Amino acid sequence: MHDPILEIAHVLFIDTVAYSTFPADRQRLAVRTLQDAISCTSDYARSRDNEQLIVLPTGDGAALVFFRDAEAPARCALELATCFREESAFQVRMGIHTGPVYRIADINANRNVTGGGINVAQRVMELADAGHILVSKAVAEILGEVSIWRECLHDLGRAEVKHGVWLHVFNLYSETAGNPHAPSRLSSAPVVLPVSHSPKATSSDPEPAGNVHGDRIRVLSVDDHPLLREGIATLINNQPDMRVVSEASSGEEALERFRVVHPDVTLMDVRLPDMNGIDALIAIRKEFPNARILMVTTSEGTVEIQRALASGARGYMLKSMPPRDLVESIRRVYAGKKSIPSAIAAHLAEHYSDEALTAPEVEVLQQVAAGSRNKKIAERLLISEETVKVHVRHIMEKLGASDRAQAVAIGIKRGIIHL
């Protein structure tokens, strides 16, 4: 007899919710209902015909062990979820994992499997509540390579399971199947940030992955200073109605993380190393027009504020403001309102009618701020020295400055230029 071959299997583990509380006749009916539902799925028939499926009864559910087709468990799970959504008598929860198994025969000479692939699938399932389809990170990374699955995957972070093992899990759901709630075992768990290889979502903008039915507000925190991100996470995670679900330190990473976690509210720093926060805001809202983004910065520059608000920011907060103002702003933005502190609103009103500098004037002012004289500015910008003088005169008139130094100071304060 040859030794079994270690294979990679794609396992769907299914459990009937509250099965042990049923009387015996109802347990029998539940098992029969689940078996009928499974046998009616398209992937069951196709995989059984090709001998690429082993179905294992588990007493209160079943484990479907697929070979070759990595998408089969997800398709089957969504099909079952749709079926049981209409079946009011019973509810199921499901977990999916891809991992190593051996094909063996059980004591009755029936086909069976053993190995981490099926064990982890069960642990993933045990994190779920009724209606959930949870998948391991290994599955999410595979499905994330296919565009149709990306919008269905929602990062839940990591959670501890049996024997002190930590699993990184995702919630799989669509508009018609699955459970968009955060699982009860994860909704209050400490958040551990996902790694950067998580699957990406498409440009469709689904409903928020959390708080659809009373879960906490899910926040993405974007700032290039780790200590500040940690402070924000501590503040938010101590609130009863919100939590940080992911963090990013750059604009590109913010877009990547948004595609994965689909936060309810994003806190976006204006100063980021690769692109500024307003450009990141624009990039996110280009793919996700309903994104709620709250800008957080040290600058009171009216030009930056106006550009951020015009680009779709739902609010603008200064880092110097009290922590309670930040959490209240998150609540307001999540509720669909704008959040602009009175001091910033007054500052905007004060400069509302100011004539904006043209792009060439901004370039000249930036050169003036760098200490360049007119001749050097002309050489760098490939314009005449006389044109530079005209730009400087217009800059001082528009900003109400009496000299070049004051023009630079006003330009920095209003966010027109940056040193």
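Determine, yes or no, whether Gln27 is surrounded by 12 or more Cβ atoms within 10 Å (Cβ to Cβ), closer than 24 Å to Ala70 by Cα and not aliphatic (A, V, I, L, M). For Gln27, the condition - surrounded by 12 or more Cβ atoms within 10 Å (Cβ to Cβ), closer than 24 Å to Ala70 by Cα and not aliphatic (A, V, I, L, M) - is not met.
Of the candidates Ala74, Ala63, the single residue that is in contact (Cβ under 8 Å) with a residue 12 or more places away in the chain, in the same structural domain as Leu34 (by TED's automatic domain parsing) and not in a strand (DSSP E or B) is Ala74. For Asp49, the requirement of being without any contact (Cβ under 8 Å) to a residue 12 or more places away in the chain and within 29 Å of Glu145 (Cβ to Cβ) is met. Would you check which residues across segment 104-114 are within 14 Å of Asp3 (Cβ to Cβ) and touching a Phe, Trp or Tyr at 6+ places or on another chain (Cβ under 9 Å) and list them? The one that is within 14 Å of Asp3 (Cβ to Cβ) and touching a Phe, Trp or Tyr at 6+ places or on another chain (Cβ under 9 Å): Thr114. Does segment 331-353 contain any residue that is at pLDDT 85 or above, in contact with a Ser or Thr (Cβ under 9 Å, 6 or more places away or on another chain) and among the hydrophobic types (A, V, I, L, M, F, W, C)? Yes, the conditions are met somewhere in segment 331-353.
If you go through segment 234-263 and pick out every residue that is out of contact with any Leu (no Cβ under 9 Å at 6 or more places or on another chain) and within 27 Å of Pro322 (Cβ to Cβ), you end up with 8. If you check Gly99, Gly115, Gly95, Gly131 for being in contact with a Pro (Cβ under 8 Å, 6 or more places away or on another chain) and either farther than 18 Å from Asp43 by Cα or not basic (Lys, Arg) (or both), only one passes: Gly115. Within segment 77-123, the set of residues being hydroxyl-bearing (Ser, Thr, Tyr) and either in contact (Cβ under 8 Å) with a residue 12 or more places away in the chain or farther than 24 Å from Arg28 by Cβ (or both) comprises Thr82, Thr98, Tyr102, Thr114. Restricting attention to segment 113-136, the residues that are buried (at least 21 other Cβ atoms within 10 Å of the Cβ) and farther than 21 Å from Leu53 by Cα total 3. How many residues are more than 18 Å from Leu153 (Cβ to Cβ), touching a Phe, Trp or Tyr at 6+ places or on another chain (Cβ under 7 Å) and small (Gly, Ala, Ser) when one looks only at segment 62-103? Number satisfying all stated conditions: 1. Pairs meeting the criteria (first residue in segment 272-295 and free of Cβ contacts under 8 Å to residues at least 40 places away in the same chain, second residue in a helix (DSSP H, G or I) and basic (Lys, Arg), beta carbons under 6 Å, at least 6 apart or on different chains) are Ile278/Arg307. Identify the residue in segment 251-293 that is basic (Lys, Arg) and not in a loop (DSSP other than H, G, I, E, B) and, among all such residues, is nearest to Leu172 (Cα to Cα). Selected residue: Arg259. Is it true that some residue in segment 396-418 is at pLDDT 85 or above and in contact with a His (Cβ under 6 Å, 6 or more places away or on another chain)? No. Scanning segment 260-300 for residues that are modelled with pLDDT of 90 or more and among the basic types (Lys, Arg) turns up Arg285, Lys286, Arg292. Tallying residues that are of a type in the set (S, T, N, Q) and buried (at least 20 other Cβ atoms within 10 Å of the Cβ) within segment 65-90 yields 0. All conditions but one from (1) at pLDDT 90 or above; (2) in a helix (DSSP H, G or I) apply to Thr82; the one that does not is (1).
For the condition modelled with pLDDT of 85 or more, under 19 Å from Asp269 (Cβ atoms) and surrounded by fewer than 18 Cβ atoms within 10 Å (Cβ to Cβ), Pro360 does not qualify.
Quick one: how many residues across segment 237-252 are more than 20 Å from Ala283 (Cβ to Cβ) and surrounded by 19 or more Cβ atoms within 10 Å (Cβ to Cβ)? Within segment 237-252, residues that are more than 20 Å from Ala283 (Cβ to Cβ) and surrounded by 19 or more Cβ atoms within 10 Å (Cβ to Cβ) number 3.
Restricting segment 213-246 to residues that are closer than 17 Å to Ile330 by Cβ and in a loop (DSSP other than H, G, I, E, B), the residue that is modelled with the highest pLDDT is Asp223.
Candidates in segment 1-24 are the residues that are small (Gly, Ala, Ser) and surrounded by fewer than 21 Cβ atoms within 10 Å (Cβ to Cβ); of these, the one that is nearest to Phe90 (Cα to Cα) is Ala18.
Taking segment 261-291 as the range and being within 26 Å of Asp241 (Cα to Cα) and aliphatic (A, V, I, L, M) as the test, the residues that pass are Val261, Val265, Leu267, Met268, Val270, Leu281, Ile284, Ala291.
The values are calculated or read from the model by the stated rules, or taken from the named source; none is laboratory data. Here the structure is a predicted model, which means the values were calculated and not measured. Methodologically, a virtual Cβ is constructed for each residue, glycine included, from the backbone with ideal geometry; neighbour enumeration extends over all protein chains shown.
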